[in-house]
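Engineer: Structure incoming, see below.
The values are calculated or read from the model by the stated rules, or taken from the named source; none is laboratory data. In this text the structure is predicted, and so the values were computed from the model without any measurement. Here the Cβ positions follow ideal geometry from the backbone for every residue, glycine too, while neighbour counts run over all protein chains shown.
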Amino acid sequence: MNKFKKIKNFIFDCDGVLYQDLDAVFGQVSKRMTKYISEKLNLDLIKAKELQTNYFHKYSTSLNGLMIHHKVNPDEFLKYVHDINLDFMEKDLVLREELVKLDAKKFVFTNGSNEHVKNIIKHVGIEDLFDGISDITDCNLIPKPSIEPYKKLVEKFGIIPEETVFIEDIAKNLEPAKKLGMKTVWLINDEYWGKQDSDKDFIDLKIKNLSSFLKEINILKVS
C-alpha cells in the first residue's frame with residue numbers, strides 16, 4: 001500500500017465503481033440499448049440484444065459498433081440509453097466521507113456520457129467532490145481500453161501518470177493506464193466481462209470495497 005501514499009490524482013470509472021448495484025443501474029441502460037437498437041434497425045428484441053452484445057465484445061461499446069455499421073447518431077443514442085430512473089439509489093455517506101478526506105484531485109473517467117455520470121454522483125451524494133469528468137465525447141467517441149482516451153484524459157486535466165491511480169471494475173481497462181505509468185486498482189467483481197484479464201500483472205492491487213480502500217489511503221497519507 002505504500003506505493004499509494006504519494007498519489008496526487010485518483011481516477012474513478014463510474015458504473016460499477018462509484019456504486020455497487022451494477023444490475024439495477026446499468027441493467028436499465030442495457031435494456032434501453034436493446035430497445036433503441038430494436039426500433040432503429042427494425043429488429044425483434046432478441047436479435048437486437050444479440051447485436052448489442054456482439055458489438056460490445058467486438059468494439060468495447062455497443063455504440064462504437066452501431067456507429068461503424070449503422071451510422072447511428074451518438075448524441076441521440078447516449079441521451080436515450082441513459083434516460084433511466086435512479087430514485088431507488090441512496091446517498092453513500094461512507095464513500096462521501098472518505099472522498100472528502102482524500103487529499104488528492106478526483107476525476108471520473110467513463111465510456112458513458114457526462115450527463116450519466118452527473119446523474120449517478122448526484123444520487124450517490126458526491127456530486128460536489130470531483131475536479132472533472134472525462135466522458136466518451138471527450139475521447140472523440142473512442143472507448144476504453146483504446147489508449148487514446150487515456151492520453152486525452154491526461155492532457156485534459158494536466159495529469160502526471162506516475163502520480164495517479166486508476167480504479168476500474170473492468171480489469172482489461174487498466175492495461176492502458178499501466179502503460180502510461182499509472183497505478184492500477186481493480187474492484188473485484190464476478191461480472192463475466194469485468195473479470196476478464198483480472199489475473200494479469202498490469203493490475204497493481206485488487207480491492208473488494210472502494211470506501212474501505214480509500215479509508216486505508218487516508219490513514220496512510222496522514223501516517
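Engineer: Can you confirm whether Ile167 is in contact with a Cys (Cβ under 8 Å, 6 or more places away or on another chain), in contact (Cβ under 8 Å) with a residue 60 or more places away in the chain and closer than 21 Å to Thr61 by Cβ?
Structural biologist: It is false that Ile167 is in contact with a Cys (Cβ under 8 Å, 6 or more places away or on another chain), in contact (Cβ under 8 Å) with a residue 60 or more places away in the chain and closer than 21 Å to Thr61 by Cβ.
Engineer: Same structure again: Does Asn64 meet the test of being polar (S, T, N, Q), farther than 26 Å from Leu174 by Cβ and touching a residue at least 24 places away in the same chain (Cβ under 8 Å)?
Structural biologist: no
Engineer: Here's something else I'd like to know. Among the helices (runs of 4 or more DSSP H) lying completely within segment 1-70, list those that include at least 2 residues that are within 20 Å of Asn140 (Cα to Cα) and either touching a His at 6+ places or on another chain (Cβ under 7 Å) or not acidic (Asp, Glu) (or both). Steps first, answer last, please.
Structural biologist: On the way: elements: 22-41, 45-59, 62-70.
Hits in segment 1-70: 45-59, 62-70.
Engineer: Here's another thing I want to ask about it. Would you mention how many residues in segment 142-152 are among the hydroxyl-bearing types (Ser, Thr, Tyr) and either assigned to a helix (DSSP H, G or I) or surrounded by 16 or more Cβ atoms within 10 Å (Cβ to Cβ) (or both)?
Structural biologist: Initially, segment 142-152 is screened for residues among the hydroxyl-bearing types (Ser, Thr, Tyr), giving 146, 150.
Then keep just the ones that are either assigned to a helix (DSSP H, G or I) or surrounded by 16 or more Cβ atoms within 10 Å (Cβ to Cβ) (or both); that gives 150.
Number satisfying all stated conditions: 1.
Engineer: Evaluate the following for Asp201: is it acidic (Asp, Glu) and at pLDDT 95 or above? Give the derivation first.
Structural biologist: Values: acidic (Asp, Glu): yes; at pLDDT 95 or above: yes.
When the stated conditions are applied, Asp201 passes them.
Engineer: While we're looking at this one, here's another question. Report yes if Ile126 is surrounded by 14 or more Cβ atoms within 10 Å (Cβ to Cβ), assigned by TED's automatic domain parsing to the domain that holds Phe213, more than 15 Å from the chain's Cα centre (by Cα) and more than 16 Å from Gln20 (Cβ to Cβ), otherwise no.
Structural biologist: Values: surrounded by 14 or more Cβ atoms within 10 Å (Cβ to Cβ): yes; assigned by TED's automatic domain parsing to the domain that holds Phe213: yes; more than 15 Å from the chain's Cα centre (by Cα): yes; more than 16 Å from Gln20 (Cβ to Cβ): no.
No: the conditions fail for Ile126.
Engineer: Inspect segment 87-98 for any residue being under 16 Å from the mean Cα position of the chain (by Cα) and under 23 Å from Phe12 (Cβ atoms) and give the result as yes or no. Talk me through it step by step, then tell me what you get.
Structural biologist: Kept after step one, since they are under 16 Å from the mean Cα position of the chain (by Cα), are these residues of segment 87-98: none.
No - not one qualifying residue is present in segment 87-98.
Engineer: Taking Asp75 as meeting all but one of (1) under 15 Å from Leu18 (Cβ atoms); (2) out of contact with any Pro (no Cβ under 8 Å at 6 or more places or on another chain), write down the number of the exception.
Structural biologist: (1)
Engineer: Among (1) in contact with a Leu (Cβ under 7 Å, 6 or more places away or on another chain); (2) under 23 Å from Pro74 (Cβ atoms); (3) among the hydrophobic types (A, V, I, L, M, F, W, C), where does Cys139 come up short?
Structural biologist: (1)
Engineer: Quick one: how many residues across segment 175-197 are crowded, with 16+ Cβ neighbours inside 10 Å and either part of a loop (DSSP other than H, G, I, E, B) or among the hydroxyl-bearing types (Ser, Thr, Tyr) (or both)? Walk me through how you get there before you give the answer.
Structural biologist: Residues of segment 175-197 crowded, with 16+ Cβ neighbours inside 10 Å: 175-178, 180, 182-187, 189, 194-195, 197.
Among the residues that remain, those that are also either part of a loop (DSSP other than H, G, I, E, B) or among the hydroxyl-bearing types (Ser, Thr, Tyr) (or both) are: 182, 184, 189, 194-195, 197.
Matching residues across segment 175-197 total 6.
Engineer: If you scan segment 101-121, which residues turn out to be in a loop (DSSP other than H, G, I, E, B) and buried (at least 18 other Cβ atoms within 10 Å of the Cβ)? Let's see the steps before the verdict.
Structural biologist: Residues of segment 101-121 that are in a loop (DSSP other than H, G, I, E, B), as a first pass: 102-104, 110-113.
Scanning segment 101-121 gives Ala104, Thr110, Asn111, Gly112, Ser113.
Engineer: Moving on to the next point. Give me the residue from segment 122-141 that is in a loop (DSSP other than H, G, I, E, B), modelled with pLDDT of 95 or more and in contact with an Asp or Glu (Cβ under 9 Å, 6 or more places away or on another chain) and, out of that set, farthest from Asp103 (Cα to Cα).
Structural biologist: This residue is Asp135.
Engineer: Of the numbered conditions (1) touching a Ser or Thr at 6+ places or on another chain (Cβ under 6 Å); (2) buried (at least 18 other Cβ atoms within 10 Å of the Cβ); (3) at pLDDT 95 or above; (4) not assigned by TED's automatic domain parsing to the domain that holds Ile11, Leu45 satisfies every one except a single condition; which is it?
Structural biologist: The number of the failed condition is (2).
Engineer: Please give the number of the condition Ser60 fails out of (1) of a type outside the set (Phe, Trp, Tyr); (2) buried (at least 19 other Cβ atoms within 10 Å of the Cβ); (3) modelled with pLDDT of 95 or more.
Structural biologist: Unmet for Ser60, out of (1) of a type outside the set (Phe, Trp, Tyr); (2) buried (at least 19 other Cβ atoms within 10 Å of the Cβ); (3) modelled with pLDDT of 95 or more: (3).
Engineer: Going through segment 130-176 one residue at a time, which ones are among the small types (Gly, Ala, Ser) and over 14 Å from Phe107 (Cα atoms)?
Structural biologist: First pass over segment 130-176, keeping only residues among the small types (Gly, Ala, Ser): 132, 134, 146, 158, 171.
Those that are among the small types (Gly, Ala, Ser) and over 14 Å from Phe107 (Cα atoms): Ser146, Ala171.
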